[in-house]
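In what follows, a structure is listed as structure tokens, so that the remarks can point back to it.
The values are calculated or read from the model by the stated rules, or taken from the named source; none is laboratory data. On a predicted model such as this, the values are computed, not experimentally measured, just so you know. We place every Cβ from the backbone using ideal geometry, glycine too, and count neighbours over all the protein chains shown. With ligands, DNA and RNA removed, areas are computed over all heavy atoms of the protein, side chains included. Shrake-Rupley method; radii C 1.70, N 1.55, O 1.52, S 1.80 Å.
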Amino acid sequence: MPASFDPTRRLLIKGIAAACLLSVTRVGFAATAQMAAVRVWPSSTYTRITLESNIPLSYKQFTLPSPNRLVIDIDDLSLNSTFRNITSLVQPNDPYIKQLRVGQFDNKTVRLVIELKQDVKPNLFTLSPIAEFKNRLVIDLYPATQTAIDDDPLLALLEDFNKGQLDDEDPVITAIPPKKADDKVVIVLDPGHGGEDPGAVGYYKTREKDIVLQIARRLRDLIRKEKGLTVHLTRNEDVFLPLRVRVEKARALHADLFISIHADAFTKRSAKGSSVFALSAKGASSTAASYLAQTQNEADEIGGVSRSGDRYLDHTILDLVQTTTKSNSLLLGREILSKMQYVNTLHKAQVETAGFAVLKAPDVPSVLVETAFISNLNEEKKLKTANFQNQIAKAMLDGIKSYVKLRKN
Ligand SMILES: [Zn+2]
């Protein structure tokens, strides 16, 4: 601060700044909100409604009984055909929504009425524009009472995540009782992206989230035929799951290994081939690996999480990654890569490393497999075929089996 500083001048400047801010806000309000897109993502765990608009929406929510309804009043909005269309988006098998109604409540307010099939815990939040998305108002409907679905820990983990409880402390490495010789090897497959987050999109509009789910299901079916192996999927639906929840689900299931399945994309359409990544605590093995980790770690912002500043991503839990987990991850990666060379060109002949958030379980050997480049025209076509999906799945299975024989305990 200069010695000649004049406090009145400072106040004046502050006053001008405040006035500017006010006028900006007024302009903001003067511009009317326009609904740009509406989407409904039903899943067994939770249903998400996304309202996308040109400017942030301000809203009020309340519930009404018999029939059970959640009402959302959106201010300064005129009903348009995009928003009106939301009533047609409800699927008969949606576990939470019976029907949606929307109407111009008064000349400034649009009312969305969500008629419910069961009691829900709603979680509403807004998201600032990112990637192709404009401003989003997200309405997540969770079941009010938890009924475990096939011992799946997902719902409980999502709840903890939304309360911020998964972030409160560094992951505890609980001593898991030593496995008996006849215990099955637990494999958790993680189809990347899902729901609001399509992942990479190819020239022919093939979406990464759909392809990787198909490949994961094929690999799951192959694993189920193997004696000593058992398998779980982080998601088996088109649902968005935060990265941290995927990691914690693998840990909750006492996974012996974790494979996150993806399809790569690059600005140059000539880039092609399969690659395998493991977590690095010391920076990325190449600029491309670092770029990829960065884009993959954005999945939470694109898919939409209710809490800002997910501390997990800057967490120092890398320090906790145990030496055995690290060397087993590299071994798993090498074995998968060595089998994949028989079904596709390799983008990189070695396992690459970078700071992927989804590979940060301190006690579960984890790799991320980029099956092929969805941004490459030829590989996009291949990725859509059952034949190539089966070949990739079989290569991963062979890699898993050879890893299980070689791993250090
Ligand atoms: Zn991906």
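Here are a few things to note about the model shown:
- Residue pairs meeting the criteria (Cβ under 9 Å; at least 6 apart or on separate chains; first within 13 Å of the ligand (Cβ to nearest atom), in segment 359-378; second at pLDDT below 95 and β-branched (Val, Ile, Thr)): 359/247; 368/358; 375/267
- Looking only at residues of segment 242-273 that are open to solvent by less than 20 Å² (accessible area, probe 1.4 Å) and part of a loop (DSSP other than H, G, I, E, B), we find that the one that is farthest from the ligand (Cβ to nearest atom) is 255.
- Single residue of 354, 395 found to be in contact (Cβ under 8 Å) with a residue 60 or more places away in the chain and open to solvent by less than 30 Å² (accessible area, probe 1.4 Å): 354
- When each of 97, 130, 86 is tested for being in contact (Cβ under 8 Å) with a residue 60 or more places away in the chain and open to solvent by less than 40 Å² (accessible area, probe 1.4 Å), the lone residue that passes is 130.
- Scanning segment 274-303 for residues that are in contact with a Phe, Trp or Tyr (Cβ under 8 Å, 6 or more places away or on another chain) and assigned to a strand (DSSP E or B), we see that the one that is modelled with the highest pLDDT is 277.
- Qualifying residue in segment 221-233 (condition: under 12 Å from the mean Cα position of the chain (by Cα), hydrophobic (A, V, I, L, M, F, W, C) and either part of a strand (DSSP E or B) or under 24 Å from residue 163 (Cβ atoms) (or both)): no
- Single unsatisfied condition, residue 280 versus (1) more than 18 Å from residue 196 (Cα to Cα); (2) within 16 Å of the ligand (Cβ to nearest atom); (3) touching a residue at least 60 places away in the same chain (Cβ under 8 Å); (4) among the polar types (S, T, N, Q): (2)
- Cβ separations smaller than 6 Å between residues 6+ apart or across chains give the following pairs from segment 292-305 residues that are open to solvent by less than 20 Å² (accessible area, probe 1.4 Å) and within 12 Å of the ligand (Cβ to nearest atom) to residues that are aliphatic (A, V, I, L, M) and not in a helix (DSSP H, G or I): 293/354.
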